[in-house]
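First comes the structure, then the notes that go with it.
The values are calculated or read from the model by the stated rules, or taken from the named source; none is laboratory data. Quick caveat, the model's predicted, so the values are computed rather than measured. Note that we place each Cβ from the backbone using ideal geometry, even for glycine, and neighbour counts take in every protein chain shown. SASA here: full protein model, heavy atoms, side chains in, ligands and nucleic acids out. Shrake-Rupley method; radii C 1.70, N 1.55, O 1.52, S 1.80 Å.
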Amino acid sequence: MQVDLTAISIFACITLMVRSFIDAWSRRRLLRAAGSDDLLRTFMLGEDRQRRLSSLYWGIVAVAMAAAFAAIGTMDTERVTPAAVAAVLAAVGVANLAFFAISRRLS
């Protein structure tokens, strides 16, 4: 079964482009409506914190998935098995729990 990824890739790119445009447009309206410097500073600090937490989240998930795929690679299997899928799902679950614990400590 061959899957053409061109249509999926184009759809993903268009979706990300629209999302980015809407985020930028809403930020612009919010910043234009905000009058005080304190509100702008608070908004920018919140955005910066959100970006750092997002980077932390995806870093933890990527490391956990890399560990899961490394463990699957040591099993010497050529096809997808339930154990391999379980290892990847467990890694993502552990990564989410680790991020939750770390983010609770940071806030």
Whole-number accessible area per residue in Å² for the chain, which is evaluated in the context of all protein chains at 1.4 Å: 83
On Cα atoms only, tilt of 5-33 relative to the major axis of the chain in degrees: 20
Probe 1.4 Å - accessible area at Ile60, Å² to nearest ten: 30
Size of charge dipole - the chain - debye, nearest 20, with Cβ of Lys, Arg +1 and Asp, Glu -1, no other charges: 520
At R0 = 22 Å, FRET efficiency that the Cβ-Cβ distance of Arg49 and Ser20 yields, to 0.05: 0.65
In nm, spacing of pseudo-spin labels at Ala90 and Ala7 (7 Å Cα→C-beta vector): 3.7
The chain - mean residue ellipticity at 222 nm from DSSP helices (-39,500 (n - 2.57) per run, n ≥ 4, rounded to 500): -30500 deg cm²/dmol
Between helix 82-106 and the chain: long-axis angle, C-alpha atoms, 0 to 90°, nearest 10: 30
Using alpha-carbon coordinates, inclination of helix 37-73 to the longest axis of the chain, degrees: 0
Carbon plus sulfur fraction of accessible area for the chain, probe 1.4 Å, in percent: 67
Shape of the chain, Cα gyration tensor, a/c cut at 1.5: oblate
